[in-house]
1. Could you run the Karplus curve 6.51 cos²θ - 1.76 cosθ + 1.60 with θ = phi - 60° over the stretch 180-188 and give me ³J(HN,Hα) per residue in whole Hz, x for Gly and Pro?
2. Could you work out the local net charge near residue 116, counting Lys and Arg as +1, Asp and Glu as -1, over the other residues with Cβ closer than 14 Å to its Cβ?
3. Residues with amide H under 5 Å of residue 56's amide H, sequence separation 5 or more or different chain, H placed in the peptide plane at 1.01 Å from N; which?
4. Can you give me the long-range amide H partners of residue 33? Hydrogens built in the peptide plane at 1.01 Å from N, cutoff under 5 Å, separation of 5 or more residues or another chain.
5. Looking at (1) 52, 35, 28; (2) 90, 41, 35; (3) 62, 52, 26, which value of Cα extents along the principal axes in Å comes from a calculation on the structure shown?
6. What is the magnitude of the charge dipole of the stretch 2-135 about its Cα centre, with +1 placed on the Cβ of each Lys and Arg, -1 on the Cβ of each Asp and Glu, and no other charges, expressed in debye to the nearest 20?
7. Helix 11-24 against the longest principal axis of the chain: what's the angle in degrees, Cα atoms only, rounded to the nearest 10?
8. Taking the Cβ of residue 28 as the centre, find all other residues whose Cβ is under 11 Å away and add up their charges (Lys, Arg: +1; Asp, Glu: -1).
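Since every read-out is calculated from the coordinates, none of them should be taken as a lab result. From a predicted model like this one, the values you see are computed outputs, not experimental measurements. Note: ideal-geometry Cβ built from the backbone for every residue, glycine included; neighbour counts use all protein chains shown.
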Amino acid sequence: MIRVAIAEDHTLVREALKHLLSQSGRVQVVGEATNGREAVELVQKVRPDVLLLDISMPEKDGLQASMEIAAQGGPTRVLMLSMHTDDSYAVRAIRAGAAGYIQKTAKIDELINAIETVQAGKRVVPAGVEDVLEKGNADLGPAQVLSQREFQVMGYLAAGMTNREIARLLSISVKTVDTHRGHVLKKLKLRNNSDITRFAIQHGLLQM
């Protein structure tokens, strides 16, 4: 049976997911979180096979939490839950380290199938997104010019982390973080970290 944790800040949605998944007989719910910070801590503590992670949550959004979980290098596969139908959100989720992306309008069988698929090591994305990811020209607006690592560093900077904190999290040097920061500023034509935060909010890369 697949061990699943749920990170969702709306209590009714979280309880409904827990009930439906448990009733399926195919999934065991082993933990719950109500915000992104708790989600990261839960993965460290419980190490579920799959984490259902809401993309929009307080303290840390799903993208930030997914990047931190991916940086840990553990076995947990992240399946992002979202109400957004724009394919660019799916692209952002995958670039942030998620193994799959599914809309909240999905039926419970579709959700369980997605859980089983990502747990098996495969990727789950909306139709058409796979081609975009393969071509490497995802429509992320101006952020598409960033490399995966630059995108990660930008996200952490936007969330207010220092270069030293980012270096520790990603297991790279502070100098390397500063180099990535410089590339982000140059490629996006920004001046400082405050500009990075505003850019991330304006383009939906950081939830407030």
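1. Along the stretch 180-188, the couplings run 4, 4, x, 5, 4, 4, 5, 5, 9 Hz.
2. On the way: positive: 3, 26, 77, 122, 123; negative: 49, 109, 110.
Computed value for this residue: +2.
3. So residue 56 has HN proximity to 62.
4. Distant-sequence amide H within range of residue 33: 6, 7, 8.
5. Here the calculated entry is (1).
6. Numbers: 16 positive and 19 negative charges, 68 e Å.
For this selection, approximately 320 debye.
7. Approximately 50 degrees, to the nearest ten.
8. Working: positive: 3, 18, 26; negative: 49.
Around residue 28, the charge tally is +2.
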